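Worksheet: the structure to be examined is printed underneath.
The values are calculated or read from the model by the stated rules, or taken from the named source; none is laboratory data. Quantities reported herein were computed from a predicted structural model and do not represent experimental measurements. Here Cβ is always computed from backbone atoms with ideal geometry, including for glycine, and neighbour counts include all displayed protein chains.
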Amino acid sequence: MTAPSTLLVRPVTEADIPALEALAAGATAGVHTLPKHRDAIERAVQRSIASFAARVDLPSEESYTFVLEDSATGRVIGSAALAAMAGINGTFFAFRNDVMQQVSRDLNISHSVHALTLCSGLTGHSQLSSFYVDGGDGIDEAAAALLSRARLLFAAIAPQRFGDRFFASLAGVTGSDGHSPFWEALGRKFFQIDFLEAERLIEGGRNRSLIIELMPHYPVYVPLLPGDAQAAMGQVHGEGELPLQILSDEGFEPDEFIDIFDGGPILQAHKHALRSFSAALSRRVAAADEQPASQSATVTYLVSTTSDNQFRAILFDAPALDLSDSIALSADARHRLQVVVGDTVKCVTL
Amino acid sequence: MTAPSTLLVRPVTEADIPALEALAAGATAGVHTLPKHRDAIERAVQRSIASFAARVDLPSEESYTFVLEDSATGRVIGSAALAAMAGINGTFFAFRNDVMQQVSRDLNISHSVHALTLCSGLTGHSQLSSFYVDGGDGIDEAAAALLSRARLLFAAIAPQRFGDRFFASLAGVTGSDGHSPFWEALGRKFFQIDFLEAERLIEGGRNRSLIIELMPHYPVYVPLLPGDAQAAMGQVHGEGELPLQILSDEGFEPDEFIDIFDGGPILQAHKHALRSFSAALSRRVAAADEQPASQSATVTYLVSTTSDNQFRAILFDAPALDLSDSIALSADARHRLQVVVGDTVKCVTL
Amino acid sequence: MKTNPNTNTCVVRAIQERDLDALMTMATQVGGGMTTLKPDLAMLTERVDIACASFAGQIAPEHRDYLFVMEDTSTGRLVGVCAIKGAVGLDEPFYNYRIGTLVHSSSELKIFSRMDTLYLSNDLTGSAELCSLFLHPDYRTGSNGKLLSKSRFLFIAQFPHLFPPRLIAEMRGFQRADGTSPFWDHLGQHFFKMDFDRADELSSLGKKSFIAELMPRHPLYVAYLPPAAQEVIGMVHVDTAPARRLLEQEGLHYEGYVDIFDAGPVLQARISGLRALRESTLAIVDAAAPSEFASIDPVILVANTTLHDFRVIAAQSGTAQDRIALSEQDRQMLACAPGDPVRTMSLNSHRK
Amino acid sequence: MKTNPNTNTCVVRAIQERDLDALMTMATQVGGGMTTLKPDLAMLTERVDIACASFAGQIAPEHRDYLFVMEDTSTGRLVGVCAIKGAVGLDEPFYNYRIGTLVHSSSELKIFSRMDTLYLSNDLTGSAELCSLFLHPDYRTGSNGKLLSKSRFLFIAQFPHLFPPRLIAEMRGFQRADGTSPFWDHLGQHFFKMDFDRADELSSLGKKSFIAELMPRHPLYVAYLPPAAQEVIGMVHVDTAPARRLLEQEGLHYEGYVDIFDAGPVLQARISGLRALRESTLAIVDAAAPSEFASIDPVILVANTTLHDFRVIAAQSGTAQDRIALSEQDRQMLACAPGDPVRTMSLNSHRK
């Protein structure tokens, strides 16, 4: 497979707002978490611009939005965000899936019961969110991986902007009508409204005080939930399978947390477990014509700048870099990254 | 520092029972968890012998007891145990120290409150316990490290006998009279007896159904505990500092769990984070006179056999092994390990 | 005028050691569903011993178990049994679910949810308990049922100092026609992994540590349960409905406590709020010839005032000026003589 | 014989719109500790409007707020106020701690611990509430205090269909001499990080979402608290003890619910169990000359039967054959005439 040679991930700009509106129109309610309405999009863009511009020593309210652009056409075909700390201005709520041992030695009984506890353990972790790629012509997997993982390359070159742990909440199982079996069994009993209506009111957030006002205070014993709600726990929506695959390859793992609304999986990782942190290589940029064309097979790399206020990332096919201290980039690639020969870039295999 | 050259760690045998009784007489109640009475010692020895002899595919009820012997005198000067799975025949109970975010956006209030929840999350993990070295002449730190860490070398050569995660519960703060501030604030209210009496009755176990009968069902809010009990949470007893240091060097970390009785720290690690697993080297045994005496500085290694039914471990000073595929052992060392030239041993730096 | 012969030949009285065999016979007739009266001779022997010691005042009030039998004095046959336990839950924990309310409200979303919750509780620990009521089918006529059940309230009214402030009665919960319990099937079963009868039997044998070991400890929202289980919370077994009505007439109420296995209601009262404590009165016995009784006289309960040989009858008579005329037969059944005090109360409550 | 002039010139009556200024004046005299009667004109205006609509039957019973004032008819001055809320907790959650029991028992160790626990609860949601009682210090003589407090029970007895089954009254909790609360200092303070007065004020303003946000949600063992905090659970403020006794005489009981901030007790009753519903009776008014009154007559409470102009007085009189003789002054205070029905009840309970 050859890397798509015209793609570029870069920070969002104000000029992207119409394109983001168009993207949002194609997104599925209750599945994709990108902002939907003009004012929410504008707020997110302004916040991202301010976040990239800020000098940051410790992560705080910053949230970074990236867009995937086809530089051949100038068209924005995807967007994704990375929040420095989840739950800013509140608490990020999730259900922790605890296991309780049920043991009676006298009666020779031993089994385990799961229980979901509303908890705030993910507050302050860095959060991947709002991932969306226009799937009009079918989503290119490499393009999706570039967009998703570029966020983590950014975190790797600017670690002071983020926490030590990252997570991503993936869309849970819903029907084509937006019916969520997990919501029906739990959230509806407390919110008394439909899943999509709740998501609309809460704007997809998990940090609102109304959650603690409305959601159950005590652990929810899983055996008491209907079968379809139990089955939905930790299961990803069909449209979340590609993001799940990309993040799993990166090093994320489903852990003990699930989403409080739709029961979707929450993937977590310590940054040291992520390939963008542990396996990315710093290489000096060379011009492609400085070296003889290699006969050996090439590897597709994500290549990014190493400057956190001029961040860009592309895909590039190159011979394996393990034994080289430089990467030969084509003029076009250098142009897309806005780097020159001698600059340093981060490279990680796709 | 030169490694004590007469020490040996080996599986316990029936002949060690009187020595274990003598050791137990010197141990401090409520601090050291080795069995105290003849019948308990006999049970532990029989269980260890059966465990070492068993062919094990999956960890279960096995518990392995090791002794530290001064081979010059034949005297047993320490013992330590490693249980394949904690909480066998029940549940291993611990307090999980949860953080609850207290946020009221309207009132601009944000702080966190800790709460202790009785939980069984450590059940099934492998447990280090019963560590004790006779401190009559002051405890030799290298000897203590050999005894403590030899258990993990054993686990590394027989991983199928253990779980993926290991933990050790260290003695918490108690006064010279056995008074535990954490127990006074919590356990006493439910057990209505003194700390030492409770430990005696329960034989140091944390897997008894009477714990679930007596201990609090609901999270204990830490701010409600008296100051001295809060201060004792996660603090190690003076006699636990050396074991804490040894295990920390090995890769253990204090995590979210503390002991339900005295509030002492519970250290945890995934086996991949332990030096005995990740940094131990397999080396062929050479005779010390096969190689010219090295002029370079030596490093003290823990060296163990690689046979799980003939397990032995010693300390040995050798030149750094990184660039060598063998270790030159003296005749005495080979004798203590009962290995011959050409055998394979595991080596990890002290 | 003649009084009802069925009524007049039955007396409820403190059990005696010689009643053991007849009690055992009755226990075999009880059938399932009453865990406190099983045909187990060792258990019954112990219980009769404790009851005799209770009436003799030989053990502390909170350990007493007052067992009463109904005897048909015309035949000497024992035809019914009932009991009052001095206190529950002092040896083994006494568990209930308490139904509480939690409100979840968001002014922002204009949502206000008022939700019922089940809390595992031992709140009723130390209460006195009415239990072990059984009347032989042949005698389920006239006032016998009321006499048997209500005799206990006269006992409490006569000896209130022997009782704690609260009195309870556990009612058998709803069952389907096949004997299964929807509440158990949708709740307990998930945690106990055994069938209802087994759990009920273990509990009745006083082996309650398994409850502490297996019972879910956190409060549960009733809304988690399917409608079939929600509906039966606080509902009695169809056979128990008449017993429930009798107790409610005497001042017991369902206050939101239910059985942890079948969600049957616990009825409860403050002792001081019982009808018997408000309405029963002492009267002095006069001798009366049978001809003095008129059928217009209401049926009243009459008890003697002796702890060790407590006796209650239902008599057709009336009290006036704190005196009561009793026939010789009634006086014999009560083991009392003219001039003795007796405690009387109308059989039925006058208040709605 | 002359009757007590203080008593006889005071009437408790349904508030009217024209009473607003006088109510505001009274509210300034109340001082701290009563969160439902603050000298805030906008709040009082709204409250009087709701009260007038309540007596006029213009709003649903559960949203009503019946506000009564005591007027000294000899001067026209308002000297007291009291209220009954139709229901609590239907707009904002109504929180309490409920005190329950948990038993921890191990037969192996022969340990049996019976422990009190605090459960955060909204169980009392929907109850009617007695509140806002204030009597001017100049009038704290004779029967005035009882008249003011107990007038509400006659109202409930006259209109029981307007009330839910349960009635409650929150009592101010124990405070130290310096006005601080040991319960708050050892419990709420840890979670709210504010002082008691601020929390109390926020709550009284109906801003209760902070409680949901900050309150510890899990049941607490009382044993976790230091003795100073344990001791005051269910204790009233020293100034509130007389008010508590009055309510207990009328049939309210402390049943284990306390305030979440200061642990002051909530008194509660079934409406049907109130003394007023058992003992108050209707009588027809007869005209009586002052000379007919004898000082041996007991003081009784007399109320008219009109919802929109409900009035209660304490009169020295007696009822016989369902008739009552009232002086012209009394009849004027009650806005009733000979031949009208009135509801009467002895001022003091006859039962212990």
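I'd like to check something: does segment B:169-185 contain any residue that is surrounded by fewer than 24 Cβ atoms within 10 Å (Cβ to Cβ) and in a helix (DSSP H, G or I)?
Yes, there is a match, as at least one residue in segment B:169-185 is surrounded by fewer than 24 Cβ atoms within 10 Å (Cβ to Cβ) and in a helix (DSSP H, G or I).
So which residues in segment C:179-189 are assigned to a helix (DSSP H, G or I) and in contact (Cβ under 8 Å) with a residue 24 or more places away in the chain?
C:P182, C:F183, C:W184, C:D185, C:H186, C:L187, C:G188
Just the residues that are in contact with a strand residue (DSSP E or B) (Cβ under 9 Å, 6 or more places away or on another chain) and of a type in the set (D, E), please, taken from segment C:197-229.
C:E213
Quick check on segment B:65-100: of everything there that is within 14 Å of chain A (Cβ to nearest Cβ) and among the polar types (S, T, N, Q), which residue is surrounded by the fewest Cβ atoms within 10 Å (Cβ to Cβ)?
B:N89
Of the conditions (1) within 17 Å of the chain's Cα centre (by Cα); (2) farther than 29 Å from C:I168 by Cα, C:S327 clears all except one; give me its number.
C:S327 satisfies every listed condition except (1).
Restrict the check to segment B:124-142 and report whether at least one residue is within 14 Å of chain A (Cβ to nearest Cβ) and over 20 Å from B:G26 (Cβ atoms).
Scanning segment B:124-142, I find at least one residue that is within 14 Å of chain A (Cβ to nearest Cβ) and over 20 Å from B:G26 (Cβ atoms), so the answer is yes.
Look through segment A:245-263, keep the residues that are surrounded by fewer than 20 Cβ atoms within 10 Å (Cβ to Cβ) and in a helix (DSSP H, G or I), and return whichever of them is farthest from the other protein chains (Cβ to nearest Cβ).
A:Q245
Hey, among the residues in segment A:25-43 that are in a helix (DSSP H, G or I) and in contact (Cβ under 8 Å) with a residue 60 or more places away in the chain, which one's nearest to A:L82 (Cα to Cα)?
So in segment A:25-43, the residues in a helix (DSSP H, G or I) come out as A:25-26, A:38-43.
After this cut, where a residue has to be in contact (Cβ under 8 Å) with a residue 60 or more places away in the chain as well, the list is A:26, A:40.
On the way: A:G26: 21, A:A40: 16 Å.
Looking at the filtered set, the residue picked out is A:A40.
For segment B:116-125, indicate whether the set of residues that are closer than 24 Å to B:K346 by Cα and in contact with a Pro (Cβ under 9 Å, 6 or more places away or on another chain) is non-empty.
No, segment B:116-125 contains no residue that is closer than 24 Å to B:K346 by Cα and in contact with a Pro (Cβ under 9 Å, 6 or more places away or on another chain).
Sort out for me the strands (runs of 3 or more DSSP E) sitting completely within segment A:65-166 that have 2 or more residues that are closer than 24 Å to A:T13 by Cβ and more than 16 Å from the chain's Cα centre (by Cα).
Working: elements: A:75-83, A:94-104, A:109-119, A:126-133.
Counting at least 2 such residues, we get A:75-83.
Collect the residues in segment B:139-154 that are buried (at least 24 other Cβ atoms within 10 Å of the Cβ) and small (G, A, S), keeping them in residue-number order.
B:S148, B:A150
Got a number for residues in segment D:196-232 being part of a helix (DSSP H, G or I) and of a type outside the set (S, T, N, Q)?
18
Out of (1) touching a Phe, Trp or Tyr at 6+ places or on another chain (Cβ under 9 Å); (2) surrounded by fewer than 21 Cβ atoms within 10 Å (Cβ to Cβ); (3) at pLDDT 95 or above, the odd one out for C:L67 is which?
Here C:L67 clears every test but (2).
Within segment A:192-244, how many residues turn out to be within 14 Å of chain C (Cβ to nearest Cβ), within 16 Å of the chain's Cα centre (by Cα) and crowded, with 20+ Cβ neighbours inside 10 Å?
0
Collect the residues in segment C:161-178 that are without any contact (Cβ under 8 Å) to a residue 60 or more places away in the chain and under 25 Å from the mean Cα position of the chain (by Cα), keeping them in residue-number order.
C:H161, C:R176, C:A177
Any residue in segment C:114-125 that is more than 30 Å from D:S105 (Cβ to Cβ) and either away from every other protein chain (no Cβ under 14 Å) or outside any strand (DSSP E or B) (or both)?
No - not one qualifying residue is present in segment C:114-125.
Across segment C:198-219, what is the number of residues that are under 26 Å from A:G227 (Cβ atoms) and more than 7 Å from every other protein chain (Cβ to nearest Cβ)?
Of the residues in that region, 3 qualify.
Among the residues of segment A:1-21, count how many are without any contact (Cβ under 8 Å) to a residue 12 or more places away in the chain and of a type in the set (A, V, I, L, M, F, W, C).
1
In this structure, does A:S110 turn out to be surrounded by fewer than 24 Cβ atoms within 10 Å (Cβ to Cβ) and within 14 Å of chain B (Cβ to nearest Cβ)?
yes
Tally up the residues in segment A:319-350 that are of a type in the set (A, V, I, L, M, F, W, C), in contact (Cβ under 8 Å) with a residue 24 or more places away in the chain and more than 18 Å from A:L147 (Cα to Cα), please.
9
Please work out if A:D332 is in a helix (DSSP H, G or I) and surrounded by fewer than 21 Cβ atoms within 10 Å (Cβ to Cβ).
Criteria met by A:D332.
What's the number of the only condition in (1) aliphatic (A, V, I, L, M); (2) crowded, with 21+ Cβ neighbours inside 10 Å; (3) more than 9 Å from chain D (Cβ to nearest Cβ) that C:L109 fails to meet?
Result: C:L109 fails condition (2) only.
Kindly indicate which of A:Q310, A:Q268, A:Q338 is within 30 Å of A:G175 (Cα to Cα) and polar (S, T, N, Q).
A:Q268
Among the listed residues D:A283, D:A241, D:A276, D:A223, identify the single one that is touching an Asp or Glu at 6+ places or on another chain (Cβ under 9 Å) and within 30 Å of D:Q175 (Cβ to Cβ). Spell out the reasoning first.
Details: D:A283 fails: within 30 Å of D:Q175 (Cβ to Cβ); D:A241 fails: touching an Asp or Glu at 6+ places or on another chain (Cβ under 9 Å); D:A276 fails: within 30 Å of D:Q175 (Cβ to Cβ).
None of the other options fit; the residue is D:A223.
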